[in-house]
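A short reminder: the numbers here are calculations on the coordinates, not readings from a lab. Just so it is clear, the model here is predicted, and its values are computed rather than measured. Glycine gets a Cβ as well: all are built from the backbone with ideal geometry, and neighbour counts include every protein chain shown.
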């Protein structure tokens, strides 16, 4: 499976500056943006093609209808890809004309103010139906539009399609019989009407409060709402949203609008200006938002700190602020998406946080976390341990990367310190038995792995060597006797480095890269875990210490043989 | 003609968004794989096949 993971998993440290200066040195010999665009485009297309080929193979094994929602979703994503290709090509001058023959859902107003023109196009769409059909989305909203596309198959026709005359109801004594389907349709239509009233009310209030002008032809209400609230002051958002707060959560796209737009202003300010202190209204909104998912103030602080650990000082300040906001937007979206699933229940998110330490919900596919919640996990367990902190977004592929390497039914945990790692692993082993494979997903270098955002939330080679607990992991039944550990972390496989020290301490087989990996995969006849380097070559270092045969064990063997 | 920094921004933007879309595509693929693999699901299908 192709990996989009191309970001360094290097822990921030002094040795990083070398890498930066090397990159700067290479800058002069860079090909032109047009050429790089063509190269990138070809790579992306090849990746998309591989996904489509694999999907076609899957589809050929099942009856057509089974994978129809996924086929629709892939088609929508493909359209989205074509849209951004066209727009980028046009902006770079490689495409002469930008033909927008369908909504290109490039962006949305949540995260990229430079795409305002496209947002406007989106808002000018003629009807909500048109948007549903063609998957117009805000970044992070795509799953929602995916759901919208699936609605007709799962919940009956959309209100626009609902026509009493065509529903095939049987009439008894001149009265149309209320079939289950028609009741559901009616309920759905009521819900849509309620939502529309709510949206209209909010739009009117925001128009009045902000004085913003919206194209009179625009009818896509969610888009209008996003546009109106985009730069609004959090206190104003709080004031207008608060009285309708509970009602708003019945519609997840509206919930998303509140979540994103109420915190992005504040977050942007704190990222760009270290002196900026969030106002009480801003703090209050964040707390209120987390409360909706069952988290108290302490949980909310921990989770929010994990999200905002994204802080890439290598980027220009505005880009860094924008990406930081995106991380928060994606995580909020994932929480909303999870909460919206009936299997998740009232306490699902809280359970994932309390039991497994999950804070970065966007790192995983919702269905992976649902599987975990419902106990559909492998026994003996295979665990992905991810650091809570991620300064550059390199750890965001824990979900699919973990499943790709360890298979279905992986148990995902997140940890911010060494004690946290121990606690999580002990808990998993108690519930599911000794752990067979561990994939540790964190930033690191040859000397350490970083888990939390504080400087002391690291696991160093000295700590591993001096630890009394780590050598006993197998004896205590936390790790399986044949356990394997993979370190998905920069440079940890260097000679004499972290992986070797860990292999000696645990006597487990430890695989790690001795470079900065750009992806992870299983390759070769033996399907061994390898990491992709910058040239796309897969390699890895594996360390395993065989226990030296002592005099006693030699004697025991001789007795056994006799 | 745009200046270099604008072009760089467009490029960077394209890279980020396209990687995000690829990531989503892979998630969909994984979901499809899971659906196909799900034995319970296949059993239901077999049952339906028999009924036909």
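What is the mean number of Cβ atoms from other protein chains located within 10 Å of the Cβ atom of each residue in peptide A:45-58, rounded to a whole number?
3
Listing A:490, A:344 from fewest to most neighbouring C-beta atoms within 10 Å gives A:344, A:490.
Neighbouring Cβ atoms from other chains, within 10 Å of the Cβ of residues in B:5-13, number 6 on average. Each of A:86, A:212 has some number of other Cβ atoms within 10 Å of its Cβ, and from fewest to most they run A:212, A:86. Distance distribution P(r), the stretch A:355-449, all Cα-Cα pairs, bin width 5 angstrom from 0: 3, 14, 27, 28, 19, 7, 2, 0 percent.
Could you work out the mean count of beta carbons from other protein chains within 10 Å of each residue's beta carbon in A:389-401?
Partner Cβ neighbours, averaged per residue: 1.
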